Amino acid sequence: MKRIIVTSALWLLMVVISYSQTVKSPEEFLGYELGSGFTYHHRAVEYFRYVAEVSPLADFREYGVTWEGRPLVVCIVSSEENMKNLEELKKNNLIKTGLAEGSFTGRQVPFIWLGYNIHGNEAAGMETAMKTLYVLVTGGFEGSAEWLKSAVIIIDPCQNPDGRDLYAGRYNSTRSNIANPDKNTWEHNQPWPSARANHYMFDLNRDWVWQTQIESRQRIKLYQEFMPHVFADFHEMGAESSYFFAPGAEPWHEVLTSWQREFHKLTGAGNARMFDERSKPYFTKENFDLFYPGFGDTWPLFNGAMGFTFEQGGGGVSGISYKRENGDTLTLKDRIDGHFIASMATIKVSVENRSRLISEFNKYFEDNQKKPLFQYKSVIIKGDNEKSAMESLFEILDRNRIRYSPAGSAGKKFKGFDYRANTEGEVTIQDDDILISAFQPQSRLMQVLFETDSRANDSVTYDISAWALPYVFNLKAFALKEQIKPDDKKITDKKSPEIQVNEKAYGYVVNFEGFNELRYIAALQKRNIRPRYAVKPFTIDGKNFNRGTVIILRGDNKSAGDRFDYIVSEEARKCRVLIHPVTTGLVESGKDFGSAYSPLMKKKNVAVLCGEGMSSGTVGELWYFFERELEYPVNLINIDLAETIDLSAYDVMILPPGSYSKLKDTITGYVRKGGRVIAIESAVSVFASDKNTALFKAVETRNAELKSQEKKIRSDDTTLLKKYEDERRHLLSERSAGSIYRVRLDETHPYAAGMGKEWFIIKRDQAYPFLDKGSNIAWIPESNPVSGFAGYKFRQNVKNTLIAGSENIGSGEVIYLADDPFFRAYWKSGRILLGNMVLK
């Protein structure tokens, strides 16, 4: 027996030596030592491809491309036997989740996914990935050769190549020849926008569940081919910090299992041992909670995996050498080493606990399907919701592999939670209603996305505190405690309505329902077709049409000639809207088509200010909104040029949150001469501080009222004695942690067309009072949020405050948006408000 063991060990050693002799190290391949500089993404891709070509233990996969065309890649690493049977192992795993059908062949191994560099300027990640790949295929770490026999490891070297190359290019072009640790130098201070984000300036580590960005969608599509048991997401934090690893901080979402908590502790202990051996400082259970579903640790956790965030002190400011406040120098090599040790420790713990890791993973999905935790066993989405909202809902459900179907029990009435009313109510199921059952593989993720309120055991959260999909899409929806059976019929495809064309028609009308109609207006204008919109509802041919209805008249578009009907109908098909031909401009009720109440819409030239001091995230959302959602041209104007160019060339100027002190006169002058400004969040202060605006007067009045109501506190009042450790909690009393508030709308206002009487918004920012002159378009009618956390002082002041308003200044108009209506590009219902404000 001893001879067999010794022989096997010798054979394994010979194999490892053979592989290590044939595979070049990153240093040998690149021509420089890891940590001496930042590698460009294409070179790391070449190294990954090279390793897969020379080692039978690695397989190279290109799973997509970024917005800028850079490849997204992984290497899959395991033993030769596992690599040969990879498809079988993948299928067995998916069968056990219930997400795939087939016959289980009896063998599972843990899939361990290591994801690096989702933030471009946290640049130690990709360098670490190359070292990790090399060590695994050459058996260069104690026990690593054995690990590959028992697990499959997926290594994604860079989840954000566009941001990573932006950072590396900037750093490499400004670095000193001799490493300079002085944090004040050029190489340590990169300009706007931060290279943390992707091309559209999105934080990809907030996008896992929403998948608005192409990088997220493609990565998750590959993820779902494997459904890994472990996902480790490697980040960097402030340069003065040490290293963070599991367990995660509170709050943990209530759907997470006791085993997931236990494994977090096991992984933390395993990392601690390796860090202790090397005298590396670290911390756990702080800052990085496990609540919001958009992170690279929580989304895998809600998908049954063990999701982890690892944070190495460093980040973009650190460069290759950084002098800390304590006098020590932090190097890129140090940061690579921190992530490398954490990678090895996490694989080791996972392999050592593989049997239970697999059995608990299987149990997670079995419990989801047979005994879901969610108190509501069925969610009913009403079939008469606005079309583009339903399409967006189906899209996010499909991307997260949450199953839905037509609802059974048509005609029956049930009691349940009414999301819009935010209280218990009743619903009668109808033929077109959609059922989302809690009895399915993705039950816990479904619960997270449809919970009526996001409950946490701690109000101090790292991100927002509410996100329920019925509020995101402004849907009529009900959560029922009964298990409703699905109907056998298929969901009717309403994406391609029948198009009616009449070449003798006076024109066409399109009932305004939501975002698809805005896309249609934009598409027509790009084809030089001039549409009108109805300020008031009307009736023609016995049919009722809403405010905002699109009117396309042949007489307004003589330049289109005989192509008029073709263009109108072709774009209607593309935008999935229903056109109704009319033979007259005389309506049966309402205002006729030639009335001033049916104004022509001018094709707007739109500018978005951007640059230093601006919120790059909001700039990116707007850029994405115009290019990828509305599909309408937009001009990004750097704030440094705004005073030197002719702004009158732009019909609409959008101000993202930021500082505009130097441009205040330029902006107000633009408005007075006839421009339209849309000011978002803190940009509203440009006009709130202008004594000539109605908003300034409203703010002054409000402040005076609040001051008169203030309770004077004596200097010896013991309530002033607050514990240092509770300071952050006291600050929370004055803010909203990304909670969801109900919004009332002036449905007669053109900007509110298609929104209905009520809407919901993520409330995070300052509250503004009503305007005594101008339009109060949208406001918050209640103190309490419908979901999420808001501090008691915030709740006292938020009732009856403005979300959207407008006033005329000189010949122009200013539109105020107290909060971002298109938050992170997933708050899809806000697209309608924003689109109306731009196009009408």
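The values are calculated or read from the model by the stated rules, or taken from the named source; none is laboratory data. Not measured: the values here are computed from a predicted model. Methodologically, a virtual Cβ is constructed for each residue, glycine included, from the backbone with ideal geometry; neighbour enumeration extends over all protein chains shown. Accessible surface areas use protein heavy atoms only, side chains included; no ligands, DNA or RNA. Shrake-Rupley method; radii C 1.70, N 1.55, O 1.52, S 1.80 Å.
Tell me, what is the FRET efficiency for residue 356 and residue 53 to the nearest 0.05, using R0 = 22 angstrom and their Cβ-Cβ distance as r? Present the calculation step by step, with values, prior to reporting the outcome.
Values: r = 36 Å, r/R0 = 1.64.
Given R0 = 22 Å and the Cβ-Cβ separation, E is 0.05.
Efficiency by 1/(1 + (r/R0)^6): what FRET value for residue 600 and residue 424, r their Cβ-Cβ distance, R0 = 51 Å, to the nearest 0.05?
0.60
May I have the convex hull volume per residue, in Å³, for the Cα set of the range 631-696?
Numbers: hull volume 6.6 nm³, N = 66.
Expressed per residue, the convex hull around the Cα atoms of the range 631-696 is 100 Å³.
Rounded to whole Å, give me the distance from the Cα center of the range 654-711 to that of the range 532-584.
Measuring centre to centre over Cα atoms gives 38 Å.
In the range 768-793, whose amide N lies under 20 Å from the spot 7 Å out along Cα-to-Cβ of residue 711? List them in ranges.
Residues passing the 20 Å test: 783-784, 791-793.
How large is ³J(HN,Hα) for each residue in the range 548-556, as worked out from phi by the Karplus curve 6.51 cos²θ - 1.76 cosθ + 1.60 (θ = phi - 60°), to whole Hz, x for Gly and Pro?
Working through the residues one at a time gives x, 3, 7, 10, 10, 9, 4, x, 7 Hz.
Summarise the accessible area of the chain (1.4 Å probe, protein heavy atoms) by the percent that is carbon and sulfur. Intermediate results must be reported in sequence, preceding the final value.
Working: 16260 of 33940 Å².
Ligands and nucleic acids excluded, carbon and sulfur give 48 percent.
What net charge is computed for the residues neighbouring residue 104, neighbours being all others with C-beta under 13 Å from the C-beta of residue 104, Lys and Arg scored +1, Asp and Glu -1?
Charge balance in the 13 Å sphere: +1.
Quickly work out the residue 221-to-residue 272 label distance, labels modelled 7 Å from Cα along the C-beta direction, and quote it in nm with one decimal.
A separation of 4.3 nm, rounded to one decimal place.
I want the local charge near residue 538. Using Cβ-Cβ distances under 10 Å, sum +1 for each Lys or Arg and -1 for each Asp or Glu among the other residues.
Result for the local shell: +2.
Using a 7 Å offset from the Cα along the Cα-to-Cβ direction at both residue 539 and residue 499, what is the distance between the two label points in nm, to one decimal?
Placing both labels 7 Å beyond Cα along the Cβ direction yields 3.1 nm.
On full extension of the chain, what length is gained from residue 772 through residue 323, given 0.36 nm per residue of separation minus the C-alpha to C-alpha distance?
On the way: separation 449, 0.36 × 449 = 161.64 nm, distance 5.50 nm.
Full extension from residue 772 to residue 323 adds 156.1 nm.
So how do 403, 354, 554 rank on accessible area, 1.4 Å probe, biggest first, that is with the largest at the start? Show your work: numbers first, answer last.
Numbers: 403 115, 354 90, 554 65 Å².
From most exposed to least exposed: 403, 354, 554.
From the gyration tensor of the Cα coordinates in the chain, what semi-axes in whole Å does the equivalent ellipsoid have, largest first, with each one equal to sqrt(5λ)?
Values: eigenvalues 468, 213, 159 Å².
Rounded to whole Å, the semi-axes are 48, 33, 28.
With a 1.4 Å probe and all protein chains kept in place, how do 378, 355, 36 rank by accessible area, largest first?
Details: 378 0, 355 90, 36 50 Å².
Greatest to least solvent exposure: 355, 36, 378.
Give the ranking of 243, 32 by solvent-accessible surface, highest area first, calculated with a 1.4 Å probe.
Values: 243 5, 32 75 Å².
Largest to smallest exposure gives the sequence 32, 243.
Mind checking which lysines have their C-alpha under 28 Å from residue 149, skipping anything on the same chain fewer than 8 residues away?
Straight-distance partners of residue 149: 2, 24, 84, 90, 91, 96, 131, 221, 265, 348, 363.
Just grab the label-to-label distance for residue 723 and residue 410, each label 7 Å out from Cα along the Cβ direction, in nm (one decimal).
Computed distance between label sites residue 723 and residue 410 equals 5.9 nm.
Solvent-accessible area of residue 258, probe 1.4 Å, all protein chains present, reported in Å² to the nearest ten, please.
The value for residue 258 is about 100 Å².
Report, in whole Å, the centroid distance computed from the Cα atoms of the range 771-830 and the range 111-155.
47 Å
Accessible area of residue 508, 1.4 Å probe, to the nearest 10 Å²?
Using a 1.4 Å probe on the heavy atoms, I get roughly 0 Å².
Would you mind getting me the FRET efficiency between residue 635 and residue 455? Use the beta-carbon distance for r and R0 = 56 Å, nearest 0.05.
0.80
Loop only per DSSP, at most 16 neighbouring Cβ atoms within 10 Å: give me the GluC sites (Glu not before Pro) in the range 26-78, ordered by residue number.
Values: sites: 27, 28, 33, 46, 53, 62, 68; in loops: 33, 68.
Taking the range 26-78 and a limit of 16 other Cβ atoms within 10 Å, the loop GluC sites (Glu not before Pro) found are 33, 68.
Order these peptides, 206-212, 166-172, 419-425, 485-491, by their mean beta-carbon neighbour count within 10 angstrom, highest first. Please list the in-between numbers first.
Details: 206-212: 23.0, 166-172: 18.9, 419-425: 16.1, 485-491: 12.9.
Per-residue mean Cβ counts within 10 Å order the peptides as 206-212, 166-172, 419-425, 485-491.
Counting only the heavy atoms of the protein chains, how much of residue 114 is accessible to a 1.4 Å probe, in Å² to the nearest 10?
Ignoring ligands and nucleic acids, residue 114 comes out at about 0 Å².
If packing is taken as the average number of other Cβ atoms within 10 Å across a peptide's residues, how do 670-677, 691-698 rank, most packed first?
So the order, starting with the most tightly packed, is 670-677, 691-698.
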